Amino acid sequence: MIGILTRRVAASASASWKSSLSAFQIVQTRRDYSLGVLPDGVDRNSEAFSRNSKAMDLLISDLQSHIEKVLGGGGPVAVKRNRSRNKLLPRERIDRLLDPGASFLELSQLAGHELYEESLPSAGIITGIGPVHGRLCMFVANDPTVKGGLIIPSLLRNISGHKRLPINANYRVCILLIVEALSFPSRRGSCTAGGAYIPAMADESVMVKGNGTIFLAGPPLVKAATGEEVSAEDLGGASVHCKTSGVSDYFAQDELHGLAIGRNIIKNLHMAARGLKSGLQNISSEYQEPLYDVKELRSIAPTDHKQQFDIRSVIARIVDGSEFDEFKKLYGTTLVTGFGRIFGQPVGIIGNNGILFNESALKGAHFIELCTQRNIPLVFLQNITGFMVGSRSEANGIAKSGAKMVMAVSCAKVPKVTIIVGGSFGAGNYAMCGRAYSPDFMYLWPNARISVMGGAQAAGVLAQIERGNKKKKGIEWDKEEEEKFKAKVVEAYEREGNSYYSTARLWDDGIIDPADTRKVIGLSISASMNRDPEETKYGVFRM
């Protein structure tokens, strides 16, 4: 097109003006004015050019010297002390979180410059933007080599300013690398309360064994206030918060392990269809089959529901590459939660490894919130007898904790697929997305049982009620009659709790061969994604 235009311009000029200019000269003239190429008016031989260049070289040299000091952190002594504790420096941590070879845009490197008598490089914090698994993230890492990681006014402005940056129009990810207890120098002492809330408010948090601690008051203050003598690790270490309190979600053996977990967390964020009209997620052609034979699922789940099995053995045979990033593995261990992929589609999986306790229910509610926030489909693998009962459980608020999980399930607007791989009894059926809580699809394995409770338990309860009624009427109930009564109840429960009884009444979407579970889930999720995504809204979670 440009060649044609050139010839036309040349011919026209020659005919009209009889000019001696060549076609090339005309084209060059037209290019200068028509295509908007600016002429170079800089005189590189002028005195001003030389003077400006020398002056700017000095300014850049000065800037680079300041940046070099900033990159040195709190100085050689503080850096050496940090390394002697087998700890990475904050920029080294960031480098290991970033995608290999990726650039890191560090922001406000000179924050706090000459504001205080003592040097405070970057105001004691590193902030910047870089990609993790292709997703642009904001990094905030306090530097322990600068006054032990103290919070100062400049640092606060550094954080508050950059966390508002529109890093991604659809979703913003902030990675906080907290390495020390946080305090205000004006307080002249530890103020761990504010620092403790930061990881507790995060969507997901990682703690390193023997390294990270979280507490509202450190050991010295605890001793002064209560007289209790306790180590920092026993007071608020990784074991406490990953196994007992649930404040943290992932237990890391060392820093490198913790950073690897951090990368996995970002990988699993998956903001499906955020801002898009359709929620359809095509099944990816790039995926790995499970490492283990799916036909072995036929042998894993027992027909005797008193026999326990690890639900992870089922998960390992349905997710791509048998890869499963487990969430809160050490907390609420009777419920297994985590992220995986099925035919390339990210999924959140919730499976039973026993009865539901307070911790299990809270863990389940937390995980469902994460999945609905990210529009990740949920897969429920049911093998549940119900919630823990008894006076201690009631006093600990099992009804309140269970209600949180039930509400999270009932309000979740992401695609939900439920597979009953064993028993499904009582309120456990609700919490694990039974038919009443509208899963998009619900399937049963041939060995599945579904009822209010087990036959033996029902017989015992009904026998007690019957005995009480007969006693009121003055009727004696002998042992033989009681056993006949119980047998009749058990027989009814065995018959009506059978998977065929359920599927005949359309309480589910079919009985499937366990070996087909992966295919069935994949197709069901694909079908469920053929709708516009909906926003999940919850009621009040009772505290």
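The values are calculated or read from the model by the stated rules, or taken from the named source; none is laboratory data. All of these numbers come straight from a predicted model, not from anything done at the bench. Note that we place each Cβ from the backbone using ideal geometry, even for glycine, and neighbour counts take in every protein chain shown. In case anyone asks, the SASA skips ligands and DNA or RNA and just uses the protein heavy atoms, side chains included. Shrake-Rupley method; radii C 1.70, N 1.55, O 1.52, S 1.80 Å.
Annotations for the structure displayed:
- In straight-distance terms, cross-link reach from residue 479 covers every one of the lysines whose alpha-carbon lies under 22 Å from its own, apart from those fewer than eight places away in the same chain; here that gives 470, 471, 488.
- Kirkwood Rh in Å, taken over all unlike Cα pairs in the stretch 289-381: 13.7
- Per-residue Karplus couplings for the stretch 405-412, computed as 6.51 cos²θ - 1.76 cosθ + 1.60 with θ equal to phi - 60°, are listed in order as 5, 4, 5, 4, 5, 5, 8, 4 Hz, Gly and Pro entered as x.
- In this calculation the C-beta distance from residue 92 to residue 63 is compared with R0 = 30 Å, giving a FRET efficiency of 0.80.
- Estimated translational D of the stretch 455-543 in µm²/s (Stokes, Kirkwood radius over Cα pairs; 10 °C; 1.306 mPa s): 89
- Segment residue 85..residue 119, full-extension length gain: 9.9 nm, with 0.36 nm per residue of separation and the alpha-carbon distance subtracted.
- ³J(HN,Hα), Karplus 6.51/-1.76/1.60, whole Hz, each residue of the stretch 441-451, x for Gly, Pro: 9, 9, 10, 10, 7, x, 7, 5, 10, 9, 6
- Take the Cα of residue 286, step 7 Å toward its Cβ, do the same at residue 542, and the gap between the two points is 4.8 nm.
- Residue-span extension gain [residue 479 to residue 532] - 0.36 nm each, minus C-alpha spacing: 13.0 nm
- Distance in nm between pseudo-label sites at residue 174 and residue 234 (7 Å out along the Cβ direction from Cα): 3.6
- Centroid-to-centroid separation of the stretch 65-122 and the stretch 327-382 [C-alpha atoms, Å]: 37
- The stretch 262-412 - accessible surface per residue (Å², probe 1.4 Å): 42
- 3J(HN,Hα) couplings calculated from phi for the stretch 485-499 with the Karplus curve 6.51 cos²θ - 1.76 cosθ + 1.60 (θ = phi - 60°) are, in sequence order, 4, 4, 4, 5, 5, 4, 4, 5, 5, 4, 6, 7, x, 5, 4 Hz; Gly and Pro show x.
- Across 363/404; 363/413; 306/404; 87/209; 87/243; 209/328, pairs whose alpha-carbon gap is larger than 21 Å: 306/404; 87/243
- You can think of it this way: the chain between residue 373 and residue 71 has 105.0 nm of extra reach, that is 0.36 nm per residue less the Cα-Cα gap.
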